[in-house]
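S.K.: Below: one structure in structure tokens.
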Amino acid sequence: MDAFSLPFVQRGLIEILLLAIPCGLIGTWIVLRGLAFHSHAIGTATFPGLVLADGIGFSAALGAFGAALGFTLLATLIGRSKRTGTDSVTALALAACLAVGVILASDVFSSGANVDTLLFGSLLAIDSGDLWLAAGAAVLALAASFVFGHHWLAKGFDPGAADRMRSGSTAFDAALLTVVAVTVVATLGAVGALLVSTLVVVPAATARLFASRLGSLQIASVLLVAIEGAFGLWLSAQTDAPPGATIAVVSGAVFLAGLGFRALTRRSGMKPAILAAALLALAGIAAGCGSTGSGGDGPKVVATTTQVGDFVSQVGGDEVDLTVILKPNTDPHEYEPRPSDVKAVADADIVFRSGGHLDDWTSDLISDSGSEAEVVDLSEGLPVQLHGEDEHEHGHEDEHAHEEHADEGEHEDGEEIDPHWWQDPVNVRFATGRIESALADRNPGQATYYQGRARRFDNQIGNLITGIKACLRKVPADSRKIVTDHDAFGYFTNRFGIETVGTVIPALTTEAQPSAGDLAELEETIKREKVKAVFPESSVSPALSEAVARDTGASTDYSLYGDTLGPEGSAGETWLGSMKSNADAMVKGMTGGSQSCFGGASD
């Protein structure tokens, strides 16, 4: 039970125990009234509110609740048509909310990792605001059940009584749907919108298999949420799996066990003790994989992304105990913390982050873990900073010195700084110097060791710059045109004189979605500019790139390493390897495969 001694696990447990009250009580009414699809839809329909909150900068819970109420109101208005079924009404309202969310995310805001966190949730990132929200939902559920419970009961559990009490009024239905919305919003931080049924539907449905009275049904539902949530949280810590998904597996397994037990007892008269034994067998269910660690000596260091992890490894060698949070070929926008991630941050001496929206979840992870680590944001003060599609260079062209710090922050018009800074070797040289300095300050006895490794890596970077420039000279200047998945290679093309004529996803993040007009314009550009290749990324689905290539006759044979390095054994296993592979792939693509670099590094 050592897992429950960790502060972030304790907060997660408190959250589950608080949520057990509203989820158990309101889950009972959801099951009795046939609102399972509606409650799940509410969670998904919070998407536009989350995007709006993230884009404007107000409370995510407030945005989610506003969207949930909007969904409820829209469903009620559509539902006035007597010719439209309940499920159809819910589906129509859900489609409308999702459409608004997609438009906001793609065309208005650049949806960030904060939205992903609430879509998927994490009990490991619970803060005091989440606890207060869960407590408020619990109070509301208790009060509403006490005041309106007999009306809800009459319509959902005892239709005969409903006829006598005339309690099927719109006001009571609206009260129930409002409390459902509050309960669902309160669960977002724990399990996210996509797994909300794990807490608000499945435990109550499990209890419904055995309980025939309202009181016993509600008590059993509350207890099941608490027990399944606590056990799932504990199991996630043991297996290093995401807690939300682990709780979902446990909850579903308990329901299936209950369903099987009910069938068996009806046929053979088996005792309830058999069910307890079956449930204990579920303790082995769930699996996961956590952060990768070097196990070296020296300071305990956490790197947020694969690229930063490689830079720290190049400088620190065996004299750092390194943990890299993100995994190779994993989109950083899809990150959900594992227990090992939070513990690594809690124990760290230094946290090196890449910066920008790629790892803007770092602040929450550090605060939630209670870490006192030194945080080094390597995107700060870079000699070369590009701002969105502007590709305007702020800094010096000197490729060998650690240049003076450029102006930090956002562009004067508020445009976001492109966070893919490591695609320019000049920036990597500068970041390497900051890593060396931070490690030497933390471990002065190994300062000479760090300095030597940093100097060796710097020489390799110099050779890389020379090699890429020499290779690109094989490509005629008017043919140095590329199309990529998204705006992840501005630094590379800016450094080496390549023109990006378009991107399949016209944004700095893979979370955005192109419109039909965007794709049509891109295809016209590809044909007009005679672009020979569209370059998909290793960590992004190539479906859109392949569709564009089919329409234009361009090739998609050569992929690039964008937001992440490749797995062990691949050409992009290290940053140097990924840069060589990218250069080789671009040259092959731009020349129709007639030229290559570095001995065919991308093969």
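S.K.: Show me the ranking of peptides 492-499, 422-429, 42-49 by mean Cβ neighbours inside 10 Å, starting with the highest. Let's see the in-between values first.
M.R.: On the way: 492-499: 18.4, 422-429: 24.6, 42-49: 27.1.
Sorting 492-499, 422-429, 42-49 by mean packing, highest first, produces 42-49, 422-429, 492-499.
S.K.: Can you list the equivalent-ellipsoid semi-axes of region 551-599, largest first and in whole Å, using the square root of 5 times each Cα gyration tensor eigenvalue? Spell out each step's value before the answer.
M.R.: Details: eigenvalues 87, 34, 11 Å².
Ellipsoid half-lengths, sorted descending, are 21, 13, 7 Å.
S.K.: A follow-up question, please. GLN451 to ASP318: FRET efficiency via 1/(1 + (r/R0)^6), r the Cβ-Cβ distance, R0 22 Å, to the nearest 0.05?
M.R.: 0.90
S.K.: Give a quick list of chymotrypsin sites (Phe, Trp or Tyr not before Pro) in region 1-72 that DSSP marks as loop, anything other than H, G, I, E or B, with at most 13 other Cβ atoms within 10 Å. Working shown, then result.
M.R.: Numbers: sites: PHE4, PHE8, TRP29, PHE37, PHE58, PHE65, PHE71; in loops: PHE58.
Answer by residue number: PHE58.
S.K.: Taking neighbour counts of Cβ atoms within 10 Å as a proxy for exposure, in what order, fewest first, do SER5, SER545, SER479, SER354 appear?
M.R.: If I rank by nearby Cβ atoms, fewest first, I get SER5, SER479, SER545, SER354.
S.K.: Something else now. Would you tally the net charge around SER594, using a Cβ to Cβ cut-off of less than 12 Å, leaving SER594 out, and scoring K and R as +1, D and E as -1? Show your work: numbers first, answer last.
M.R.: On the way: positive: LYS474, LYS532, LYS588; negative: none.
Local net charge: +3.
S.K.: Say R0 is 22 Å: what FRET efficiency, to the nearest 0.05, do LEU131 and ILE227 get from their beta-carbon distance? Don't skip to the answer; put the middle values down first.
M.R.: On the way: r = 20 Å, r/R0 = 0.89.
Here the calculated transfer efficiency is 0.65.
S.K.: At a Förster distance of 25 Å, what's the computed FRET efficiency of LEU256 paired with ALA91, Cβ-Cβ distance as r, to 0.05?
M.R.: On the way: r = 27 Å, r/R0 = 1.07.
With a Förster radius of 25 Å, E is 0.40.
S.K.: At 0.36 nm per residue, minus the direct Cα-Cα distance, what do SER216 and LEU17 gain on full extension? Give it in nm, one decimal, please. Before the final figure, lay out each step's value.
M.R.: On the way: separation 199, 0.36 × 199 = 71.64 nm, distance 1.84 nm.
Extra length from SER216 to LEU17 when fully extended: 69.8 nm.
S.K.: Can you flag which of LYS530/LYS580; LYS327/LYS474; LYS469/LYS530; LYS469/LYS527 are past 31 Å Cα-Cα? Show your work: numbers first, answer last.
M.R.: Numbers: LYS530/LYS580 25 Å; LYS327/LYS474 34 Å; LYS469/LYS530 23 Å; LYS469/LYS527 27 Å.
Cα-Cα > 31 Å for LYS327/LYS474; rest within.
We did not get these values from a lab; they are worked out from the coordinates using the rules stated. Keep in mind that what you see is a predicted model, and the values were worked out from it rather than measured. Heads up, the Cβs are rebuilt from the backbone with ideal geometry, glycines too, and the neighbour counts pull from every protein chain shown.
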